[in-house]
Amino acid sequence: PPPRPAMGDVPEPCPQAPLAVLSKVELRVSCKHLLDRDTLNKSDPCVLLLMQSQGQWMEVDRSEVIKSNLNPVFAKIFTVDYYFEEVQKLRFEVYDSHGQAGVGTHDDDFLGGMECTVGQIVAQKRVTKPLFLKYGKFAGKSTITIISEEISGNNGYVELAFRAKKLDDKDLFSKSDPFLEIYRIDDDRSEQLVYRTEVVKNNLSPIWEPFKVSLNSLCSCEEKRKLRCVVWDYDSRGKHDFIGEFFTTFEEMQKAMGENKVQWECMNPKYKIKKRNYKNSGVVVLLDLKIHRVYSFLDYIMGGCQIHFTVAIDFTASNGDPRNSCSLHYINPYQPNEYLKALVAVGEICQDYDSDKKFSALGFGARIPPKYEVSHDFAINFNPDNDECEGIQGVVESYQSCLPKIQLYGPTNVAPIISKVARVAADEERTKEASQYFILLILTDGVVTDMADTREAIVRASYLPMSIIIVGVGNADFTDMQILDGDDGVLRSPKGEPVLRDIVQFVPFREFKNVSAAATRSCL
């Protein structure tokens, strides 16, 4: 975005307005007539989504594996950014998965691929194409169908927790293995799979794990839209037995907020006709429902909220001894070192958005006075009660006076600082209605020691009103940073939970230190 015009200036038209041309699109995938690669039972398909980036195909995300099914409907919903002034190439690849070994990418596991663009899917809403093997051969009669839906402005999500009681027993020698599917019924009467729970083995009163879905996906943000919920008894050969179904709406589900519970009778229409005394095939209970509104950075800016910046500086020993001219923290009386250059270049852009021009300034990875113990989140002005500095100049002065007093050490732990800002953002969100947005600017020389904790902290932070800009200083290997950025694929926590939204932007400073502020701006 352009800097704010001074009084009397006429603002120049912005050459790039990326905000206007970006929307998010949800893609649902299903296949028909897949090739049967397994000798004893049917293929266990999984879909990989790849995007073309600088001529290379990069895996962005993958679906779950569906056991023993040649006509799978995948529960996974792929979310992609749609820039409608760009041609964004997509490739879907279907593989036969092998249990613990995961998805093999060998030719004999490849069930077929299809290429298209995001624009084609968005324009047609529903695309069905044949799957091709290598060298342009058809994969038999196999087809893949992609259904797209642009996400509207109301980008909230809902957390649901279901259980069932006294379900019909479908198994001879053990109890049913139930799972629940939720379908949204669209205006054209077609059904879209919203979510499929895990299977609870051998249990007629299962409690399923709570799950999150976007309001867009669940009901197209229309509370009265009809939903069909189906309970099945899982069969490892893919022939699941129908236990029963019920119909509801998101409006009805909302009665489960707080201490209340909502329940539905699970009905099997065939039994209803055949059996005279038939009551139901069990009861499904919604134990809890939580609605979360997700605000985008744009919502905060448009809502006139305050932007609060925190700068975090890497004081680990890998930066080099500040008394040595090779150090990125070199104390040079004649010109700014690499950290100061990066701080001023990026900080001055950020300063435009901050109304009070106060920056919290923290350091990590150094031994600090008085006891010279390692700290991963200390105030560089050594005032823990008030870590704010007046503008970027104040941060520069605090940095210069702090550097001779500390001992560069390690390891490079980034998670504590992310968690510290996240706590403040969470408190702010609880007390006020989206009135402050937090931006954490991390200046670092590269390799992160606590990568797992950092990924976990970023996934947690993605639910809060905050973003993270990581500026890579020096010429180190920034592979870790690119992983955290998530532009080449969805960042996940160590347990596999994806970020709710992409909140990390990585900028290698070496590529920007010689370009104009306007060019740097467009990358943040």
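The values are calculated or read from the model by the stated rules, or taken from the named source; none is laboratory data. Being a predicted model, the structure only gives us computed values, none of them experimental. Virtual Cβ from ideal backbone geometry, glycine too; neighbours counted across all protein chains shown. Surface accessibility is based on the protein's heavy atoms, side chains included, excluding ligands, DNA and RNA. Shrake-Rupley method; radii C 1.70, N 1.55, O 1.52, S 1.80 Å.
Looking at 118, 80, 29, 103, just one residue is in contact with a Lys or Arg (Cβ under 9 Å, 6 or more places away or on another chain) and at pLDDT 95 or above, and that residue is 29. Checking each residue in the stretch 246-267 for being of a type outside the set (Lys, Arg) and farther than 19 Å from residue 184 by Cβ picks out 257, 258, 259, 260, 263, 265, 267.
Taking the stretch 106-115 as the range and being over 15 Å from residue 30 (Cβ atoms) and at pLDDT 85 or above as the test, the residues that pass are 109, 110, 113, 115. Within the stretch 361-382, take every residue that is open to solvent by less than 10 Å² (accessible area, probe 1.4 Å) and under 27 Å from the mean Cα position of the chain (by Cα) and give me the one that is farthest from residue 472 (Cα to Cα). Here the answer is 362. A single entry from 312, 317, 345 fulfils the requirement of being in contact (Cβ under 8 Å) with a residue 40 or more places away in the chain, in the same structural domain as residue 447 (by the TED database) and buried (at least 23 other Cβ atoms within 10 Å of the Cβ): 312. For the stretch 41-68, filtering for residues that are surrounded by 19 or more Cβ atoms within 10 Å (Cβ to Cβ) and of a type in the set (S, T, N, Q) leaves 2. Within the stretch 145-167, the residues that satisfy the criterion of being buried (at least 17 other Cβ atoms within 10 Å of the Cβ) and outside any strand (DSSP E or B) are 151, 155, 167.
Across the stretch 221-230, a minimum of one residue is classified as of a type outside the set (Lys, Arg), within 17 Å of residue 261 (Cβ to Cβ), in contact with a strand residue (DSSP E or B) (Cβ under 8 Å, 6 or more places away or on another chain) and without any contact (Cβ under 8 Å) to a residue 60 or more places away in the chain. Please work out if residue 354 is of a type in the set (D, E, K, R), open to solvent by less than 50 Å² (accessible area, probe 1.4 Å) and at negative phi. Judged against the criteria, residue 354 is a match. Would you confirm whether any residue within the stretch 426-435 is touching a Lys or Arg at 6+ places or on another chain (Cβ under 9 Å), surrounded by fewer than 19 Cβ atoms within 10 Å (Cβ to Cβ) and part of a loop (DSSP other than H, G, I, E, B)? Yes, there is a match, as at least one residue in the stretch 426-435 is touching a Lys or Arg at 6+ places or on another chain (Cβ under 9 Å), surrounded by fewer than 19 Cβ atoms within 10 Å (Cβ to Cβ) and part of a loop (DSSP other than H, G, I, E, B). Each residue in the stretch 452-496 was checked for being at pLDDT 80 or above and under 17 Å from the mean Cα position of the chain (by Cα), and 25 of them qualify.
Each row is one residue, and each column tells you yes or no for (1) touching a Cys at 6+ places or on another chain (Cβ under 6 Å); (2) assigned by the TED database to the domain that holds residue 345; (3) closer than 23 Å to residue 428 by Cα; (4) not in a helix (DSSP H, G or I).
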position: 442; (1), (2), (3), (4): no, yes, yes, yes
position: 449; (1), (2), (3), (4): no, yes, no, yes
position: 454; (1), (2), (3), (4): no, yes, yes, no
position: 458; (1), (2), (3), (4): no, yes, yes, no
position: 464; (1), (2), (3), (4): no, yes, yes, yes
position: 469; (1), (2), (3), (4): no, yes, yes, yes
position: 474; (1), (2), (3), (4): no, yes, no, yes
position: 477; (1), (2), (3), (4): no, yes, no, yes
position: 480; (1), (2), (3), (4): no, yes, no, no
